[in-house]
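What follows is a short report on a single structure.
The values are calculated or read from the model by the stated rules, or taken from the named source; none is laboratory data. Quantities reported herein were computed from a predicted structural model and do not represent experimental measurements. Cβ coordinates were reconstructed from backbone atoms using ideal geometry, including for glycine residues, and neighbour counts include every protein chain displayed. To get the accessible areas, we keep the full protein, side chains included, count just its heavy atoms, and leave off ligands, DNA and RNA. Shrake-Rupley method; radii C 1.70, N 1.55, O 1.52, S 1.80 Å.
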Amino acid sequence: ILQFSVLCDGIATPQQTGNKPVFIGVFNSLLKPMTIPQFFIANRWINGLGEHAQVITILNPELKEIAKIEEMKFSLPSKVQPADLFSAFVNLNFQKAGVYWVKIELDG
């Protein structure tokens, strides 16, 4: 199960929070076309067992791929132990106004 997917400016896992992820600058919208110097997508997978792989693709309003994070492998050793995956994007250009899509695929 994909428990959450968060788009944000940064992610920290300070020791004082028990290494829980802290999201900095959570995105809810972009108001104009722009290039974002850096942002992250944080995904948490849980309630599964074994080896898995995720792929993240960002699509523009015409559903054309503008960025892709190739297969990231992870393990879920028990149904209650999550796997947190953090993906970084650098200088991604959102060229035109409209709805952009984040496609998250698990195991193909």
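Here is how the numbers come out for the structure above:
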item	result
Subset of LYS20/LYS103; LYS73/LYS96; LYS20/LYS64; LYS20/LYS73; LYS32/LYS73 violating a 30 Å alpha-carbon distance limit	LYS73/LYS96; LYS20/LYS64; LYS32/LYS73
Accessible area per residue in Å² at 1.4 Å probe, computed on the chain	63
Formal net charge of residues neighbouring GLN81 (Cβ-Cβ distance under 15 Å; K, R +1; D, E -1)	+1
Most mobile listed residue (SER29, SER75, SER87) in the chain, GNM with C-alpha springs under 10 Å	SER29
Highest-MSF residue in the chain out of GLN16, GLN38, GLN54 [GNM, Cα springs under 10 Å]	GLN16
Portion, in percent, of the accessible area of the stretch 9-86 that falls on carbon or sulfur, probe 1.4 Å	53
13 Å beta-carbon shell around ASP107, net charge (K/R +1, D/E -1)	-2
HN-Hα J in Hz across the stretch 97-104 - Karplus 6.51, -1.76, 1.60, θ = phi - 60°, x for Gly and Pro	5, x, 8, 9, 10, 10, 9, 10
Solvent accessible area, Å² - VAL90, 1.4 Å probe, full protein context	100
The stretch 24-74: C-alpha gyration tensor shape, a/c 1.5 cut-off, then a/b vs b/c	prolate
Of ILE1, ILE56, PRO37, farthest towards positive along the dipole that unit charges on Lys, Arg, Asp, Glu beta carbons give the chain	PRO37
GNM result for the chain, Cα springs below 10 Å: residue of THR13, THR35, THR57 fluctuating most strongly	THR13
Cα-based shape type of the stretch 1-50, given that a ≥ b ≥ c are square roots of the gyration tensor eigenvalues and the cut on a/c is 1.5	oblate
